[in-house]
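What follows is calculated from the coordinates using simple rules that are stated; it is not laboratory data. Small disclaimer: the values here were computed from a predicted structure and weren't measured. Neighbour counts are summed over all protein chains in view; Cβ atoms, including those assigned to glycine, are modelled from backbone coordinates with ideal geometry.
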């Protein structure tokens, strides 16, 4: 028989078809789902082969009453099936299995085996398996060993499984179909061993609870016949936690208790989020569970490295992505790792300080010029080649993308100064690297079938394939603490079984929608129905709940909303509540009490020691440590939030610049200030009809240099363009009265008696024809109102005072006749200082009193003294422990040494 092609080979063949389908019908799915759609299509074709459904059956379906989507899907499934045949793709594993079974059946019919043939542990959930079981059942010495058969279910309940009402979600449905296919009667099924089950009474109780829906009235008749429910519930614990975190902690506590008792304990759950939380909780006691699922390969260190390098090929490099990869433990692991980490740190500080969003070769070159280390230059060359040189084509074969990808991975992993070893890549070292290498080898075997695609599609497909693999924890787990999926639990046992995450949508899971055939189409052609998986999950539950010690756990609330208990838990609870004559409600409360006890332990374990909240401390550092120089803009902070001045200028604490630069107000302010500074310097040389064009030209240059986001560039340009005409007209009027100008002018004034210097930078300062001074400051945000300027925002007043005292080097002292904020945020608002309401001299005297006050040792730096809004953010709120106190609390002075 011809060997079957690999699973990946079939999927890579189908990816080409799905790619064309999505290109023609973009509304079908996102391109990132190429592999997922090819995988679901391959599984459908695989299932058709296993269930013996011909492509003609799909083609002959009448979908005239269905939506157009299903008609297109019907045609595409047929095309895909024929495509594989025309491509001479040898049969996949499922079709080969079916052909093997059919051949075996023919052989057995002619020459039955003379020795026993046993099929053990199968429910016949797949068509091919059902064929084999039917064949074995007909043999003279054929034996079917059925797992989890319900001996407590009466024949009338079995008969109901034939109806639609019995449906696929009952745990015994697959056995009923097997009996119908083979002609076996339920009464003929015998227990294969004499060993009694761990808890017969519970088996009977669960069997009654899970009866098909049409006969749940049997609870009233058969419930009282159960006898002692105490025996059925004695080892049962029902834990209903407020949320998943407390559920996980309670489970972890019970597993820890089992370790101390020497019990073998197993957590069974299909909910991987819950099992991960339990694993994390056990870590506090240094208990590593033996998790059968392991770690998905794409989340392993090697898997993350491969995916991050893949992103370099498909996306523009950001500073965050660059640093994340530079700090990865596999990057530069071939040698000189400590030098690499030190230089990476220096580069990070540079990128943060320069607010670089998308680093390029020029940025790296500028950084290199400031380095004195001899290794900086070769390291920077390696970095440029590894991260910034993109010479490959965007669209090429999967194989070419793969080779480029892995060549780059090896280059980045080795680093600029690899050790003199055998040249082997550090990527594949250890158990984790070996597991990833095995998956990559499988990709290599099939990649010649991958076809031509964009690099972004390649990266998505590679990540999806990697996500399908897993690796068991490379460390040695505890032998008595086990985490199983429902599949592994079918053939293993433990002293204590914890059934976790028993909520609808988790266990049982919601059936996965089929993008190719809906439920009615599947039923028409004889394919497996979505709810079949619920029936298998019910069968797993029925088997697992039969051991002596069982915990049933669920969370009442998920991250988003209230949860719904699993249907099986609901049935058990309802049955107990409906049997008061057998003490059912009381026994149910006992089950819940046993779970609540551990939730109490969790509450005690998580309890935080009560401590008094922090006070609103107003620190009073020594006068000698207080700042002797502030800028005019910092005076506003000194008035509104003195604590920020204390933290910044006395403690020298500053927020680190963000790595991922955004188009935020700070950047907009920097760019717009630069635009108008350059434009105003060019003003004298521009004719009236040239001004607007020159302004927009400078704007485009600065936006192109500092704003790499196209949307932000367009938005900011439109805002400035909208008010440019009004600005130019107003500026022309102002310029008629100006004889000398200075831009970005630095000024200062020293108060000798207070030993304090005030500094300022004026965006624009002019000498007018009457020899008076006018000065202007640009604001990209909302300019302060006159009332705010009088009380809090003293910037214009203070710059005016410096100008009148001759504090600006290139401007002679003179009275200030005009000072104003010019809004550049889109409104072009002109807002002058209210000199008519408060003079410059009066404001200057208030300023000197303010500085004198902070020269006294009893004056503290109060946090959030007078912020504009109570919800305004201060960079030092965490340091002042704001939140433990509020602004209604009186500040408490604290002397510091």
- Between rounded, prolate and oblate, where does segment 619-880 land on the alpha carbon gyration tensor, with a ≥ b ≥ c its root eigenvalues, rounded for a/c under 1.5, else prolate if a/b exceeds b/c? oblate
- Report the label-to-label distance for residue 718 and residue 593 in nanometres (one decimal), using points 7 Å from each Cα along the Cα→Cβ vector. 6.8 nm
- Once all Cα-Cα distances of segment 297-471 are split into 10 Å bins that start at 0, what whole-number percent is in each one? 9, 37, 35, 16, 2, 0
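One-quarter of the Cα convex hull surface for the chain, in nm²? Let's see the in-between values first.
Numbers: hull surface 209.3 nm².
Its average projected convex-hull area is 52.3 nm².
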- How far, in degrees from 0 to 90, does helix 688-706 lean away from the longest principal axis of the Cα atoms of the chain, to the nearest 10? 50 degrees
- Message: Can you compute the helix-only [θ] at 222 nm over the chain? Use -39500 (n - 2.57) per DSSP H run of at least 4 residues, normalise by all residues, nearest 500 deg cm²/dmol.
- Response: -15000 deg cm²/dmol
- Going from the fewest other Cβ atoms within 10 Å to the most, one would list 471, 802, 656 as 656, 471, 802
- Message: At a threshold of 8 angstrom on Cα-Cα distance, excluding pairs fewer than six apart, so keeping six or more, what relative contact order does the chain reach in percent?
- Response: 15 percent
- Task: Report, in degrees rounded to the nearest 10, the 0 to 90 angle that the Cα long axis of helix 665-682 makes with the longest principal axis of the chain.
- Result: 40 degrees
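Could you list 261, 254, 472, 649 so that the one with the fewest beta carbons within 10 Å of its beta carbon is first and the one with the most is last?
Final ranking by Cβ density, sparse to dense: 261, 472, 649, 254.
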- Taking the alpha-carbon centroid of each part, what is the distance from segment 553-595 to segment 462-531 in angstrom? 24 Å
- Item | Degrees between helix 68-86 axis and first principal axis of the chain (Cα, 0 to 90, nearest 10) | 70 degrees
- Percent RCO, i.e. relative contact order, over segment 523-611, from Cα pairs under 8 Å lying at least 6 residues apart: 11 percent
